[in-house]
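In what follows, a structure is listed as structure tokens, so that the remarks can point back to it.
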Amino acid sequence: MGTHKVKLESVRRKSGGRIHLTPRVPRSGPVTTLCGQTLGDGSYAAVDAEPDCANCIRRSKDQARISGAFFAQEEGSELLRLSLEQARERRPNLRVLPQPGASREKPVVWPASKPPPETVPDQLGELVTRGFKPSGEGVWRSPQGVIVRMRKHGRPRSEKVDWRFDELVFEGPVLATRTASGVKIKAGDVEVTPSGDGFEVQLKKK
């Protein structure tokens, strides 16, 4: 085995001149010689003759410099290969893209929402449910965002459980007016009116 770990190739300009050394003569593209010259694509040819460039000969004895040149050339060709692969991968994707009008032609059909198993009664204790949306157990929300909390009232074992008005939450203005039978509250689109010994909670009548 020889002392050279890396086999160098000889290259020469087609127009003549010195014979240089390079890690590998590529099939196409520019080639960089050990002495740092870059010969353009098609301007050089691989030759079998001994090199006569003094710089190339001197640098061919420096293993670190040869490794660096090899690495630079290999890295360059590797980058080129990767970019070509990416370009190949990108191209088919363009064909897969849907046409701009496709989404408009076929509207997405969402499954119809199932109605709740129990229909909401018109009145739940002190709350007239018409117009309210349930937001959890005992919590109801009006179209304008007024939150009304109801609380179960009654003995746990008795079948009759009554829902009583417990709390009202609203970020907007709230008006409380004293009446003969208690306090009337207006918040957003909700009215809380005294009724008998309790209250009646409902959306404001238009």
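Just one of (1) surrounded by 10 or more Cβ atoms within 10 Å (Cβ to Cβ); (2) at pLDDT 60 or above; (3) among the aliphatic types (A, V, I, L, M) trips up Leu79, so point out which.
(2)
Hey, could you check segment 148-172 for residues that are at pLDDT 90 or above and aliphatic (A, V, I, L, M) and say which is nearest to Ile185 (Cα to Cα)?
Filtering first and then ranking leaves Leu168.
Among the residues of segment 40-72, count how many are closer than 13 Å to Pro26 by Cβ and not in a helix (DSSP H, G or I).
Qualifying residue count, segment 40-72: 7.
With respect to Trp163, is the statement that it is touching a Pro at 6+ places or on another chain (Cβ under 9 Å), under 16 Å from Val120 (Cα atoms), free of Cβ contacts under 8 Å to residues at least 40 places away in the same chain and not in a loop (DSSP other than H, G, I, E, B) true? Steps first, answer last, please.
On the way: touching a Pro at 6+ places or on another chain (Cβ under 9 Å): no; under 16 Å from Val120 (Cα atoms): yes; free of Cβ contacts under 8 Å to residues at least 40 places away in the same chain: yes; not in a loop (DSSP other than H, G, I, E, B): yes.
Considered against the rule, which asks whether it is touching a Pro at 6+ places or on another chain (Cβ under 9 Å), under 16 Å from Val120 (Cα atoms), free of Cβ contacts under 8 Å to residues at least 40 places away in the same chain and not in a loop (DSSP other than H, G, I, E, B), Trp163 comes out as no.
The values are calculated or read from the model by the stated rules, or taken from the named source; none is laboratory data. If you're wondering where the values come from, they're calculated on a predicted model, not measured in any experiment. Because the Cβ atoms are built from the backbone with ideal geometry, glycine has one as well, and the counts that use them run over all protein chains shown.
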